[in-house]
Each structure stands twice: as structure tokens, then as C-alpha cells.
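Trainee: To start, I am sharing the structure in question, which I have written as C-alpha cells.
What follows draws every value from the coordinates through simple rules; no lab data is involved. None of these values were measured; they are calculated from a predicted model. FYI the Cβ positions are ideal-geometry reconstructions off the backbone, even for glycines, and counts take in every protein chain you see.
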Amino acid sequence: MADNLKKVKAADAELKEKLVNLARVAKVTKGGRTFSFSALVVVGDGNGVVGYGLGKARDVSESIAKAVDDAKKNLVKVPVIKGTIPHEQKGKYGAGKVLIKPAADGTGVIAGGAMRAVLEIAGVHNVLAKSQGSSNPHNVVKATIDALSKVRSSQEVAKTRGISLEKVYEG
């Protein structure tokens, strides 16, 4: 992930959760197969805070609970301006590559499965998104979070460049 991650503390009251992927996995042992469940969950407040978590357990509900706890430890702040992101951004994780673009009001979330879950939980209402490469939900979710964590607001750009906000919009 990016070095400029904006970590956020979990305020449990307003966090929503969404199950992205639930898989039954098997461990082959001398005595036969041992089945357990792997859950990938995205949590967010619908106002620019989003995170993902992975949980594994013998029981479905326990694996989801573990995933939610893990997701609350990995929250990232995303600048959402007027329901969309400030600029186009690419993200990558493993073989999963994603492209997210800002969209006009009323466009909606134009994105596939795993990306849609992340963008909706983050509170992005208008965005164009394309998933390229791996369609593995784990990689797509991590690549989407990577892209969202790289997005910077115009105030951040002005501050890092050491110029006024008006100068950012001039050139």
C-alpha cells in the first residue's frame, strides 16, 4: 500500500459493514479434509472512511466477526468531495489493477462487484471505475483501497506544494 496512508481510529457507532466474499476453504490432513470459512469484509462510515478485513474460522458467523474486527484496525480516510473523488487514480495490489475516475452528479457507482462494495461503503456516490487484471476479490479490494488512499484533496496538494489553493486551480 501507499506510504501516505491516512489511518483513522474506529468509532464503532457509525460503521457499516458489507460482506464481499465468503469462501469455504479446506485443509487436507492425514485424517481427511478439515473445512473452515474465509470471509472478506469491508467497513466504512459512508463519509470517507473505509477499511477491509479478512477472517477465518470454522463457523461462518465467527469468521465474519473476525473479519469485521480486522477491518476496524485498517481504516483509511478518503477525500470525498460532492459525492465523488477529486481526481483520477490508479491502484494496484498483486495482479489486481483498478482505475477510478470522478463522475458528474447523478452518474452513480459504475463499478464491478468487489470495487462497488468498497466505493459505496466509503461514501462515494458518483464514480466511474474499471477493474483490470485479476478478478480475485481479495486483490481487487486491496487495489481499490490502494487507489483511494492515494487520492489527495486540493487542500493537501496546495499544502505539499507550498502554494495557495487558488494557484492549484490556475495551471
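Trainee: Quick one: length gained pulling residue 47 to residue 60 fully straight, 0.36 nm per residue minus the C-alpha distance?
Mentor: Full extension from residue 47 to residue 60 adds 1.8 nm.
Trainee: Name the residues whose placed amide hydrogens come within less than 5 Å of the amide hydrogen of residue 132, ignoring near sequence neighbours (fewer than 5 apart) on the same chain.
Mentor: Amide H neighbours of residue 132, under 5 Å, 5+ apart: 97, 98, 99.
Trainee: Shifting gears a bit: Filter the trypsin sites (Lys or Arg not before Pro) in region 25-103 down to the DSSP loop ones having no more than 14 other Cβ atoms within 10 Å, then list what survives.
Mentor: Loop-located and lightly packed - 30, 58, 73, 82.
Trainee: Only sites in a loop by DSSP and with at most 12 other Cβ atoms within 10 Å count here; which GluC sites (Glu not before Pro) in region 57-130 make the cut?
Mentor: 88
Trainee: So, one more: Could you tell me the distance between the Cα centroids of region 33-107 and region 135-171, to the nearest Å?
Mentor: Computed from Cα coordinates, the inter-centre distance equals 17 Å.
Trainee: Using just the helices of the chain, give the 222 nm mean residue ellipticity in deg cm²/dmol: DSSP H runs with n ≥ 4 each add -39,500 (n - 2.57), and the total is spread over all residues, rounded to 500.
Mentor: Result for the chain, helices only: -9000 deg cm²/dmol.
Trainee: Normalising by the residue count of region 1-145, find the relative contact order in percent from Cα pairs under 8 Å and 6+ residues apart.
Mentor: 22 percent
Trainee: Let me ask something additional. Go through 137, 76, 119 and say which Cα lies farthest out towards the positive end of the charge dipole of the chain; charges sit on Cβ, +1 for Lys and Arg, -1 for Asp and Glu.
Mentor: Positive-most Cα among the choices belongs to 137.
Trainee: Follow-up question, since we're still on this one. Express the Stokes-Einstein translational diffusion coefficient of region 81-171 in µm² s⁻¹, to the nearest whole number, given a Kirkwood radius over alpha-carbon pairs, 4 °C and a viscosity of 1.567 mPa s.
Mentor: Translational D for this selection: 95 µm²/s.
Trainee: Starting from one equal scatterer on each C-alpha and no solvent at all, send me the Debye-based log10 I(q)/I(0) for region 12-76 at q = 0.19, 0.23, 0.26, 0.27 Å⁻¹, two decimals.
Mentor: Reported log10 I(q)/I(0), two decimals: -0.65, -0.84, -0.98, -1.03.
Trainee: For the chain, state what percent of all Cα-Cα pairs lands in each successive 10 Å bin, counting from 0 Å until the bin that includes the largest distance.
Mentor: 11, 35, 32, 14, 5, 2, 0
Trainee: Compute the FRET efficiency between residue 136 and residue 18 as 1/(1 + (r/R0)^6), taking r as their Cβ-Cβ distance and R0 = 25 Å, and round to the nearest 0.05.
Mentor: Plugging the Cβ-Cβ distance into 1/(1 + (r/R0)^6) gives 0.90.
Trainee: Once label points are set 7 Å from the Cα along Cα→Cβ at both residue 77 and residue 99, what is their separation, rounded to one decimal in nm?
Mentor: Between residue 77 and residue 99, the simple spin-label model gives 3.0 nm.
Trainee: Continuing with this model, one more query. With 30 Å as the limit, write out which pairs from 16/167; 72/97; 56/92; 16/130 have Cα-Cα distances beyond it, or answer none.
Mentor: Result: 16/167 exceed 30 Å.
Trainee: When the chain is modelled as a GNM with alpha-carbon springs shorter than 10 Å, which of 53, 91, 32 fluctuates the most?
Mentor: Result for the chain, Cα springs under 10 Å: 32 fluctuates most.
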